[in-house]
1. If each of Q258 and D131 carries a label point 7 Å out from its Cα toward its Cβ, how far apart are those two points in nm?
2. Roughly how big is region 1-158's charge dipole about its Cα centre, with Cβ charges of +1 (Lys, Arg) and -1 (Asp, Glu), in debye to the nearest 20?
3. Quickly work out the I95-to-D12 label distance, labels modelled 7 Å from Cα along the C-beta direction, and quote it in nm with one decimal.
4. Comparing S101, S238, S269, which has the greatest mean-square fluctuation in the GNM of the chain with Cα pairs linked when under 10 Å apart?
5. With only Lys, Arg, Asp and Glu charged, each at its Cβ (+1 for the first two, -1 for the last two), find how big the charge dipole of region 13-281 is about the Cα centre; round to the nearest 20 debye.
6. May I ask you to derive the relative contact order of the chain, considering only C-alpha pairs under 8 Å and at least 6 residues apart, and to give it as an integer percent?
7. Identify which of G270, G259, G170 has the largest mean-square fluctuation in a Gaussian network model of the chain, with springs joining Cα atoms closer than 10 Å.
8. Tell me, in nm to one decimal, what length is gained between N193 and T24 on full extension, where the rule is 0.36 nm per residue of separation less the Cα-Cα distance?
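Coordinate-derived values only; no laboratory data. Keep in mind that this is a model prediction, so the values were computed, not measured. In this analysis, Cβ positions are derived from the backbone assuming ideal geometry, glycine residues included, and neighbour counts consider all displayed protein chains.
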Amino acid sequence: MLGSARLALADDFTYTTIDFPGATATAIGGINNSGQIVGGYELPDTTRHGFLDVGGSFTTIDNPNATSGSEATGINNVGQIVGAYNLNTPEQGHIFEGAHSFLFNQGTMTFSPIDDPTAGVTSTTAIKINDSGEVVGLYRTNGAGIGFLDVGGVFTDINFPGGVGTHANGINNAGEIVGQYKANGLHHGFLDNAGTFTTIDVAGASETVATGINSSGDIVGLFAMNGSVLSFLRKGGSFSTIAFPGATDTEVYGINDQGDLVGAYTDQSGALHGFEAAPVPEPGTFALIGAALVTATAMWRCRRPAT
């Protein structure tokens, strides 16, 4: 069990709502270092779709084989996107899971299937992808979820030792994997570093789920406490609570190397919205930037040829 949670200061992050135009619900699954965002949305007719947001320009991403909804769950710095389609209905639970998954290449605008080849698999959900194209997610065989790592089409099971219902939710470029497992009916987060598993639980929380990890090893996830769902950022071994201002629930699903967070929050009316939380630079950072500009200007003046 690693660390404890504290409430993040109000000026730690700048929060921005991101909703797909015309949607009744939006959730964001991932963000890359260029600020490209992927997620899913629902329209008034209850159809569900994936999307890519590049600087406020939205594009729908629907697998051409989908008959009951698509979503985009992760994006790497090469621009490759993973997601799922033929999604579960809300009545079935696990609504963000799909019967099949895909890899979408922005350069060629092509979809490639991602389906775990294990015998008896009933669903495969790809969740995140790193810059090497390694994909993590989970599959089911009419039972508890089993995490997977897909490297070039070779699938490896990921199961927390002694736990059940393992989901692999995030992977960074070093191959570190985060996710969740169940023990005694409760969810716990975990970090898998080359096969060495460590539990990640927010102190005082009834349940914890780890959802993303960046190249610095910063981890994000969700936790339940006092009847609410909040999110955490674990940075340098210390935990901070992430809560969208005024929301009843906040769920962070992704983090990039700049420390930008993305996810979804529920407002007071019960509507689901996507959001991005950008870290506010430390005051000392502005001072350093100012000093660097002054130094650069002085050097330029000294080097100007005499007129």
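1. Taking the two extended label points, one gets 1.5 nm.
2. Details: 4 positive and 16 negative charges, 20 e Å.
My answer is approximately 100 debye.
3. Computed distance between label sites D12 and I95 equals 2.8 nm.
4. Sorting by GNM fluctuation, first place goes to S269.
5. Details: 6 positive and 25 negative charges, 56 e Å.
Here the size comes out at about 280 debye.
6. On the way: 822 pairs, mean separation 49.0, N = 307.
It rounds to 16 percent for the chain.
7. G270
8. Numbers: separation 169, 0.36 × 169 = 60.84 nm, distance 3.87 nm.
That pair, N193 and T24, stretches by 57.0 nm at full extension.
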